[in-house]
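Read the structure below first, then the notes.
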Amino acid sequence: MNESNPPQNVSELRDRLHTLGVDVSTRTLQRWAKQELIPQPDPPRGKGRGKGSISVWSERAICAAAGVWMIRGGLGGHWSRRILSKETAKKVQHVAAEMYTRPMVLLSLPEDTTDEDDPPLETVTFALDCPPNVEPFLFPYLIATEKARHSWSLGRAAVVSFEWAESAKGTAKGSHVDTRELIRISVAEAPHGKNELRFLVGGMDVRAYILKSRQIMRDLRASNRMAFEEQGLGIETHAAWPLASNSIRIGDETWEEVTQKYKKGEVPERERRVRLLWAYHLEKDTESDKRGGKSPD
């Protein structure tokens, strides 16, 4: 997107959107700005005596307008304005903004997946943690705004990928801190001819993490099945993976300590699995050190 040449008036904004396949009137754009669904333009300023005035619109207005247009009916007219109110549209925008800072990805495996087998990566589905009234609109909004940001026609199928850095583990007041940073958003041709949203961590599709976690849990069960069953653990088919840039405090607890804290309600549900896996790795590292071996990756 050419940020050095923003639209100089609402007509240019309309024309820029038209090049992206977004057909919306100037009156509608002005109404959206008044409703704060898209950023309002700068106050009008004169171009010189007798030359009229300009009112510059930001590039963010192009992206937001593309997103609102899409969820208001866009290419297919799937939803009516009566269903998607101004308030709901604003809620979609608010939740979408959080996807750039602290998304929670909810992963699910096919229902017929057994404990011993892992399905192909492409059969693992994911959703984003959001209110029910936002869920139908969140993916289309994110995809539309990123297509607009990358000057990609909204009618052209694409894979939009959010790539997060690997976890950076440090210490804060004696506790481990797990942080991640959004480092890249890309738009590429869709191999299957349909729009897709992808979340990557360190270059790896986040859907692969549940498969990796399942193997860790199988290894744990094999090493001490009695303790595994006593703790009420299992081989997960659903998981919540935080890609948060804000800190997730884990601490140096053992497996038993983490489990006891969870039972007492001291550990939030969304952090339980991360904390348990981290405690497991700590114990594996300790055992390896005692044997003089190498720590697992």
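Annotations
- Test: E116 is exposed (fewer than 13 other Cβ atoms within 10 Å of the Cβ), at pLDDT 90 or above and not basic (K, R): yes
- Subset tally (residues that are part of a helix (DSSP H, G or I) and of a type in the set (A, V, I, L, M, F, W, C)) for the stretch 118-149: 8
- Extreme residue, farthest from P136 (Cα to Cα), among residues of the stretch 173-208 that are in contact with a Ser or Thr (Cβ under 7 Å, 6 or more places away or on another chain) and modelled with pLDDT under 85: V177
- Restricting attention to the stretch 25-46 and to residues that are part of a loop (DSSP other than H, G, I, E, B) and over 28 Å from the mean Cα position of the chain (by Cα), the residue that is modelled with the lowest pLDDT turns out to be P44.
- Verdict on E146 being at pLDDT 90 or above, acidic (D, E) and surrounded by 13 or more Cβ atoms within 10 Å (Cβ to Cβ): yes
- Which numbered condition T123 fails, given (1) β-branched (V, I, T); (2) at pLDDT below 90; (3) touching a Pro at 6+ places or on another chain (Cβ under 6 Å): (2)
The values are calculated or read from the model by the stated rules, or taken from the named source; none is laboratory data. Please read these numbers as outputs of a predicted model, since none were measured by experiment. Quick reminder, even Gly has a Cβ in these numbers, built from the backbone with ideal geometry, and neighbours come from all protein chains shown.
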